[in-house]
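Notes follow once the structure below has been shown.
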Amino acid sequence: MHTGENIKKLRESRSLSRKEVAEVINRGEAFLKDVEEKAVEPSVSDLLKLASFFDTDISALIYGKEFNQKGVVVTKADSRVKVDRRKSYDYENLAPYYSGRHMVPLLVDVYSGKSLEYSVHEGEEFHYVIEGTLKIIIEGKEYILEEGDSIYFDSSFPHALTAVGEKAKIIVAVYNSGSMIHHSRSRKMADLIQGAKHLGGVDLVMVIPNETAVEAVNMGIEEGVVKKAYLVGDPEYFPLEWEQHRDRCEVVEIKKETENFDFLCAAKGVELVRQGTGNMLMKGNINTAVLLKAILNKETGIGTGRRLSLVSMFELPKLKRFIFLTDPGINPELTIQNDIETARDIILNAIDVAKSMGVSRPRVAILDANEKASEKIPTSIYAQELTKMEWKDAVVYGPLSYDLALYEESVRHKGIVGNPVAGKADILIVPHLAGGNFLYKAWAMTMSADVANVVLGAKVPVIITSRSDSDMTKFLTLCASSVYGKYLVP
C-alpha cells in the first residue's frame with residue numbers, strides 16, 4: 001500500500017479536509033492530492049510532521065499499522081512488495097505491512113551466476129525450494145537442494161546461493177531478533193528509524209575505516225539504512241569486520257606508505273562526495289582536523305559557507321517531542337571571538353536539522369543562567385542580540401534558563417506570559433561547549449536517553465562516531481544523517 005492511501009485513510013477518519021492537512025506540512029492541496037492519488041511520495045520530513053499531527057507513529061503512514069499494534073495482516077498476491085537488492089535474485093516481500101516484525105518472509109527467484117554474492121548478518125534463515133535446484137554455500141560448504149527440500153542455518157555464517165540451471169524459486173524466512181527498532185527506548189526515535197529505512201538505503205563514503213565506524217555501517221547495512229559504502233584507505237589495515245558485507249562495500253585504495261596518506265584519503269573522500277558517489281561522509285581512523293580541512297577547502301571542498309556544528313537530538317522523559325542540542329562537540333563557544341555571525345550559523349544549522357525531522361516552525365531557546373540579560377554575563381547580551389535578529393520559519397528567544405526553556409510548569413510558577421519559546425523549546429543553544437557536553441552526557445548516560453548526532457555545515461551530512469558511543473547512538477546517527485541528507489536534496 002502506498003503511503004498516500006494510509007494518509008487519506010487517517011485524514012478521512014478524522015473528518016479533515018485536504019487543505020487542513022496540507023497546511024501541516026506547508027504544502028498546497030494539489031500536492032496532498034497527488035500524494036493520496038499515488039502520483040508522488042512525501043518526504044520523510046513530511047511523514048514525521050504528519051505522524052505528530054495525527055498523534056500516531058510513522059509506521060501507520062508507511063505500513064498502515066502502528067508499530068506497537070500487534071495482530072493479523074493479510075497480504076494479497078497483488079500487494080506484495082518487490083525488493084531490489086541483488087543482481088542475481090528477484091525478491092518479493094510477502095508481509096511488508098506488519099510493522100515492527102522480527103521475521104521477513106520472502107519469495108525469491110534465484111538465477112545462475114558466475115560470481116556469488118555473500119551475505120553475513122545476525123539472525124537465522126530458512127529456505128524452502130518450490131521449483132528448480134538450488135546450490136547454497138555456507139561457511140565454504142556446498143549444499144544442493146531439490147524441489148521440496150529445505151535448510152535452516154545461522155545467518156552469521158557467510159552464505160551465498162545460486163541456481164543449478166537457469167532459475168530456482170524459493171521461499172525464504174529471515175529472522176533477526178536484534179533489529180534496532182526493537183531496542184529504541186522512545187517513540188520518536190522509532191519513527192526516525194522507520195523513516196530512514198523507508199528511504200531505501202543511502203550511499204556512504206568512509207575515510208580510513210576503523211572498528212567503530214565499520215560497526216556502525218554494518219548495522220546500517222543490516223537494517224537497510226545504508227545501501228553501499230565506499231571505503232577509502234589501505235584495505236590491509238581495515239578491521240576484519242568490513243568483510244561481513246563485502247558485497248555492499250567498494251574499496252578506494254590508497255596505500256598507507258603513500259606520502260601524506262591521511263590528507264590524500266580525506267581529499268579523496270571529499271572528492272567522491274563532490275562527484276555524487278556518496279550521500280554522506282563518515283570519519284574513520286583519521287584526525288578530525290585533517291578531515292575538516294579537506295571538507296572546508298575553498299577550491300575542492302564541500303563547505304556551504306556556514307560554520308560547521310554538531311546538533312544532537314534526544315527524546316527526553318515527559319517531553320513528547322524531539323529536543324535538539326547544539327553545540328556539544330565542535331565549537332568552543334556560541335560567539336567565537338565575539339562573532340555574532342558564527343552564532344547565527346550555529347542556530348541556522350540547528351533549525352535546518354529540526355525542520356528535516358518534521359518540526360515545521362522550531363522554537364529556539366538560547367540558554368543562560370536566567371532569563372534576564374546582564375552586562376555582568378556577556379553571553380546573555382549576545383542572546384538578547386540574537387533574539388532581535390530576523391529568523392525565517394523559526395522563533396528564537398534568549399536568554400532563558402534550562403527549566404524555563406523546557407517546562408511549562410516552571411514558566412507558570414515564574415509568572416511569565418506571552419513568551420513564544422518559554423516551556424516549549426525544540427532547540428537548546430548553549431553558550432559554551434562545556435555546558436553542551438555536560439547536558440549531552442547527563443541525558444545520554446545518566447538518563448539513558450537515546451541520542452542521534454548530525455554534523456552539518458557541509459553539502460552532505462558528516463558522521464563522526466566515538467568509541468564511547470553505544471551501538472544505538474551509532475545507528476541512530478546514521479538514521480538522522482540519512483534523513484537530513486535527503487532533506488537537503490529532495
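Of note:
- Length released on extending from Glu259 to Ala442, taking residue separation times 0.36 nm less the Cα-Cα span: 61.6 nm
- Cα-centre dipole for the chain with unit charges at Cβ (Lys and Arg positive, Asp and Glu negative), debye to 20: 1500 debye
- Computed E for Glu250/Tyr118 - FRET, C-beta separation, R0 22 angstrom, nearest 0.05: 0.90
- In the chain, helices alone account for a calculated mean residue ellipticity at 222 nm of -9500 deg cm²/dmol, with every DSSP H run of four or more residues adding -39,500 (n - 2.57).
- FRET efficiency, 1/(1 + (r/R0)^6) with R0 25 Å, evaluated for Ala173 and Ile137 via beta carbons: 0.85
- Partners for Lys256 among aspartates and glutamates (Cα-Cα distance below 12 Å; same-chain residues under 8 apart left out): Asp234, Glu236
- For the pair region 108-131 and region 391-417, the centres of their Cα atoms are 56 angstrom apart.
- At full extension, Leu240 and Ala434 could sit 66.2 nm farther apart than now, given 0.36 nm per residue minus the alpha carbon distance.
- Charge dipole (Cα centre; +1 on Lys/Arg Cβ, -1 on Asp/Glu Cβ; no other charges) of region 342-490 amounts to roughly 200 debye.
- Subtracting the Cα-Cα distance of Val73 and Asp34 from their residue separation scaled by 0.36 nm leaves 11.4 nm.
- Using R0 = 22 Å, the C-beta based FRET efficiency linking Arg412 and Glu385 works out to 0.20.
- Pair Val489, Glu211: separation of 7 Å Cα→Cβ label points (nm): 3.3 nm
- Here region 264-345 is treated with +1 on each Lys and Arg Cβ and -1 on each Asp and Glu Cβ, and its dipole about the Cα centre works out to around 280 debye.
- Take the Cα of Asn297, step 7 Å toward its Cβ, do the same at Glu166, and the gap between the two points is 5.2 nm.
The numbers here are math on the coordinates, done by the rules we state, and not lab data. This is a predicted model, so every value here is computed, not measured. With ideal geometry, Cβ positions are generated from the backbone for all residues, glycine too; neighbour counts draw on all protein chains shown.
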